[in-house]
1. For the chain, take the longest principal axis of its alpha carbons; what is the angle in degrees between that and the long axis of helix 34-44, to the nearest 10 within 0 to 90?
2. Which whole-number percentage describes the relative contact order of the chain, with Cα contacts under 8 Å and a sequence gap of 6 or more?
3. Taking the Cα-to-Cβ direction at residue 108 and at residue 188 and moving 7 Å from each Cα, how far apart do the two end points lie in nm?
4. Please determine, in degrees from 0 to 90 and to the nearest 10, the orientation of helix 55-68 with respect to the longest principal axis defined by the Cα atoms of the chain, where the helix direction is its Cα long axis.
5. Taking Cα pairs under 8 Å and at least six residues apart, what relative contact order does the stretch 43-149 come out at, in percent?
6. Does anyone have the angle between helix 3-14 and the longest principal axis of the chain? Alpha-carbon axes, 0 to 90°, nearest 10?
7. Need one number: % antiparallel among DSSP beta bridges in the chain, to the nearest 5.
8. Have a look at the DSSP beta bridges in the stretch 102-155 and tell me what percent are antiparallel, nearest 5.
């Protein structure tokens with residue numbers, strides 16, 4: 001046996017035993033107040049968070065957001081929000097989204113751990129809306145909050161071809177001179193409305 005083989009044999013003998021796979025899936029800590037944690041997480045990633053009790057209050061809140069942002073062109077896939085002319089369902093060509101100031105989109109559920117909202121592709125119409133719209137508003141039912149990404153991934157299903165994405169706050173990058181820039185590649189702001 002040469003010195004190479006002796007060294008490799010010594011390393012194998014000194015290696016720790018294989019721990020094996022965990023017996024139960026790893027889970028994060030459940031949050032006592034999912035809505036409170038979600039709100040804190042959304043704000044931590046640069047977004048805004050607002051709870052509204054019902055569809056009527058959502059309509060008022062979206063109108064107030066559009067006024068505050070001075071949004072001239074609003075598109076929506078959330079009928080209860082009452083915003084958007086035309087609605088995203090009526091836009092045939094993504095080029096028609098040019099100049100969109102505010103896009104109101106439905107979120108299937110939100111993740112309390114990190115403030116991310118799952119948006120399913122079939123709820124969008126055009127995925128280009130994420131990078132074209134100046135501002136985003138995501139609407140999530142209050143009953144649809146999960147603790148962490150483990151629970152979130154367990155809920156995602158694709159029955160065929162499709163896509164979906166997690167949105168956590170506005171677009172951001174720190175590639176340029178290691179300085180955080182908001183809105184460099186997409187929406188400059190993101191507001192999550194929790195309804196109910």
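1. Approximately 90 degrees, to the nearest ten.
2. On the way: 371 pairs, mean separation 49.7, N = 196.
Once divided by the residue count of the chain, the mean separation gives 25 percent.
3. Output for this residue pair reads 3.2 nm.
4. So the inclination is approximately 90 degrees.
5. 24 percent
6. Roughly 70 degrees between the two axes.
7. Working: 8 of 30 bridges.
That works out to approximately 25 percent antiparallel.
8. Values: 2 of 9 bridges.
Looking only at bridges with both residues in the stretch 102-155, the antiparallel portion is about 20 percent.
Computed from the coordinates by the stated procedures, all read-outs in this text should not be read as laboratory data. Being a predicted model, the structure only gives us computed values, none of them experimental. Cβ atoms come from the backbone with ideal geometry, glycine included; neighbour counts cover every protein chain shown.
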